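What follows is a set of notes on a single structure, which appears directly below.
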Number of protein chains: 2
Amino acid sequence: MQETIGFLDELADISASVIRNYYRQNFVMEAKSKGDPVTEADKKTEEALRKRITEKYPDDGIQGEEYGVTKGTSGRVWVIDPIDGTRAFTVGRATFTTVIGLCENGVPVAGLLNQPIVGDRWIGAKNNPTFFNGRPVSTRDCAALEHSRLILTSPGQFKTEHEKAAYKKIQDATGFQIYGGDCYAYGLMASGFADVVFEASLKAHDIMGLVPIIEGAGGIITDWRGKAITLDRCSGQTLACGDAKLHQRLLALMAA
Amino acid sequence: MQETIGFLDELADISASVIRNYYRQNFVMEAKSKGDPVTEADKKTEEALRKRITEKYPDDGIQGEEYGVTKGTSGRVWVIDPIDGTRAFTVGRATFTTVIGLCENGVPVAGLLNQPIVGDRWIGAKNNPTFFNGRPVSTRDCAALEHSRLILTSPGQFKTEHEKAAYKKIQDATGFQIYGGDCYAYGLMASGFADVVFEASLKAHDIMGLVPIIEGAGGIITDWRGKAITLDRCSGQTLACGDAKLHQRLLALMAA
């Protein structure tokens, strides 16, 4: 795992150096669909990451947000979101991140979350503590619903009646809510600043890198039924908590 | 106005030096009401700002979020939000800001918006261009609804049926939406990264400092009926746009 941790650190530097060229500059932007922008920076960053991964581990697979799946033969897959929070990036707000996960046989075993402007870098790897800027971090003990701090990304992601009902329950139960989270929220939770992150529409390229970071910091992340998330089983409905007791409470509340 | 601009710069340094001591540290937090936290950092920052303003301009009034109104005799009032975005501050996310406005006979004539961690500082003053980190900035020309970038803070601020209906109209009309804005959003708009900021519950201590910043960058900020915002007329329902044509279109859309 030490090699992997070092390599994730290298990938963070590579992506940061590309992203910094575009941040708050004029860049080409297209809409993949209404309200879903992609920029030149997303594409160039993913290109640079894919190039370096292929060079270093030619037998590994790659799955990226912008360029899809490249199959490998090793059973290992690098899962990449070059810029999570493209909207934040577009409005010049440094809450976007680069997320990279390494899966072995579909199970996330190592992950990187990097915010290159503020300089916030989390790296998690199985059987290791999660590191934030080189130092081990852990989540906050907070089992009490009324003191819990919830981070969400946007209200619009809760689309079905079931999702809207779950959202309302979680929102009413937690101490306070803050929006505009994106994947950055999971790092802030790993560092003990927030207690819950709740989403309905995370994609595999968002989440694979986050699982080892949260688990290595002592937190827990599952789907809304409490099941583990893997590359093949990733519904997008995600509940992450810093404290396992809080996670149990919120799962029970949603099931009630 | 040059003296005022220099003094706002000094106040930004004072608030930044207090806030940096608390950012991502353990600090005392209370709830003013459910979901409305206030921290030691909010209070200490406002104390430091009030002290310096009183020292420099003993005849001026002060109106602050945490310590209320101190009356003056000069017709000038300094309106302070020591930490706007206390929730963001609490979860360690550098999207909170210090906002300070100077009003003359109730009219906002100068303002500061400062994000001390990223190092983003906007200063606006009547008959002057808005400065971002010492350089003049201007808003983006974007009259087309479908290309417009909307920043909001949270969905929960739209409470009445009228507010909810207006929120839906604005949301449907704009190109994309991003949440978690807080007052920082107005600076990003002044710098031309976003096109619309839409809120239902801004307070006087949030907004007075923002008006000169937006106007000095070529943008426009009014209430939902298109009326100017002053210290005495500040309903909280606020529409700010980088492009006056876009502002007209959105006002018409809300009235329809």
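The values are calculated or read from the model by the stated rules, or taken from the named source; none is laboratory data. The structure displayed is predicted, hence computed values, not measured ones. Virtual Cβ from ideal backbone geometry, glycine too; neighbours counted across all protein chains shown. Note: accessible area is taken over every heavy atom of the protein model, side chains too, but ligands, DNA and RNA are not part of it. Shrake-Rupley method; radii C 1.70, N 1.55, O 1.52, S 1.80 Å.
If we only count helices (runs of 4 or more DSSP H) wholly inside region B:144-207, which ones have 2 or more residues that are small (Gly, Ala, Ser)?
B:161-173, B:184-190
Would you call A:VAL18 open to solvent by 10 Å² or more (accessible area, probe 1.4 Å), within 14 Å of chain B (Cβ to nearest Cβ) and among the hydrophobic types (A, V, I, L, M, F, W, C)?
No, not satisfied.
Scan (1) open to solvent by 10 Å² or more (accessible area, probe 1.4 Å); (2) in a strand (DSSP E or B); (3) at the interface with chain A (Cβ under 10 Å from one of its Cβ atoms) for the single condition B:ILE117 breaks and write down its number.
Going through the list (1) open to solvent by 10 Å² or more (accessible area, probe 1.4 Å); (2) in a strand (DSSP E or B); (3) at the interface with chain A (Cβ under 10 Å from one of its Cβ atoms), B:ILE117 breaks only (2).
Does A:LYS245 satisfy the condition of being more than 20 Å from A:ASP81 (Cβ to Cβ) and in a loop (DSSP other than H, G, I, E, B)?
Spelling it out, it is not the case that A:LYS245 is more than 20 Å from A:ASP81 (Cβ to Cβ) and in a loop (DSSP other than H, G, I, E, B).
Answer yes or no: is there a residue in region A:180-197 that is open to solvent by 10 Å² or more (accessible area, probe 1.4 Å) and either free of Cβ contacts under 8 Å to residues at least 12 places away in the same chain or away from chain B (no Cβ under 14 Å) (or both).
no
Taking B:GLU40 as meeting all but one of (1) at pLDDT 95 or above; (2) farther than 26 Å from B:ASP232 by Cβ; (3) away from chain A (no Cβ under 14 Å), write down the number of the exception.
Status for B:GLU40: all satisfied but (1).
Identify, from the list B:ALA125, B:ALA190, B:ALA204, the residue that is at pLDDT below 95, over 24 Å from B:ALA255 (Cβ atoms) and among the aliphatic types (A, V, I, L, M).
B:ALA204
Determine which single condition A:THR174 fails, assuming it passes every other condition in (1) within 12 Å of chain B (Cβ to nearest Cβ); (2) at pLDDT 95 or above; (3) open to solvent by 30 Å² or more (accessible area, probe 1.4 Å).
(3)
Go over the candidates A:GLY236, A:GLY226 one by one and state the one that is within 21 Å of A:GLU161 (Cα to Cα), assigned to a loop (DSSP other than H, G, I, E, B), touching a Leu at 6+ places or on another chain (Cβ under 7 Å) and open to solvent by 10 Å² or more (accessible area, probe 1.4 Å).
Exactly one of A:GLY236, A:GLY226 is within 21 Å of A:GLU161 (Cα to Cα), assigned to a loop (DSSP other than H, G, I, E, B), touching a Leu at 6+ places or on another chain (Cβ under 7 Å) and open to solvent by 10 Å² or more (accessible area, probe 1.4 Å), namely A:GLY226.
So A:GLU65 ticks every box in (1) touching a residue at least 60 places away in the same chain (Cβ under 8 Å); (2) open to solvent by less than 10 Å² (accessible area, probe 1.4 Å); (3) closer than 30 Å to B:GLY181 by Cα; (4) more than 14 Å from chain B (Cβ to nearest Cβ) but one. Which box is left unticked?
If we test A:GLU65 against (1) touching a residue at least 60 places away in the same chain (Cβ under 8 Å); (2) open to solvent by less than 10 Å² (accessible area, probe 1.4 Å); (3) closer than 30 Å to B:GLY181 by Cα; (4) more than 14 Å from chain B (Cβ to nearest Cβ), just (2) comes out false.
Could you tell me which numbered condition B:LYS71 fails, if it satisfies all but one of (1) charged (D, E, K, R); (2) open to solvent by 20 Å² or more (accessible area, probe 1.4 Å); (3) in contact (Cβ under 8 Å) with a residue 24 or more places away in the chain?
Here B:LYS71 meets the rest and fails (3).
Would you list the strands (runs of 3 or more DSSP E) that sit entirely within region B:49-112 and hold 3 or more residues that are assigned by TED's automatic domain parsing to the domain that holds B:ILE19, touching a strand residue (DSSP E or B) at 6+ places or on another chain (Cβ under 6 Å) and not basic (Lys, Arg)?
Fully inside region B:49-112 and qualifying: B:61-64, B:76-84, B:97-104.
In region A:24-61, what residues are touching a Pro at 6+ places or on another chain (Cβ under 8 Å) and among the hydroxyl-bearing types (Ser, Thr, Tyr)?
Within region A:24-61, A:THR45 is the sole residue that qualifies.
Give A:ARG149, A:ARG135, A:ARG93 a once-over and let me know the one that is under 30 Å from A:GLN25 (Cα atoms), within 14 Å of another protein chain (Cβ to nearest Cβ) and modelled with pLDDT of 95 or more.
That would be A:ARG93, the only listed residue that is under 30 Å from A:GLN25 (Cα atoms), within 14 Å of another protein chain (Cβ to nearest Cβ) and modelled with pLDDT of 95 or more.
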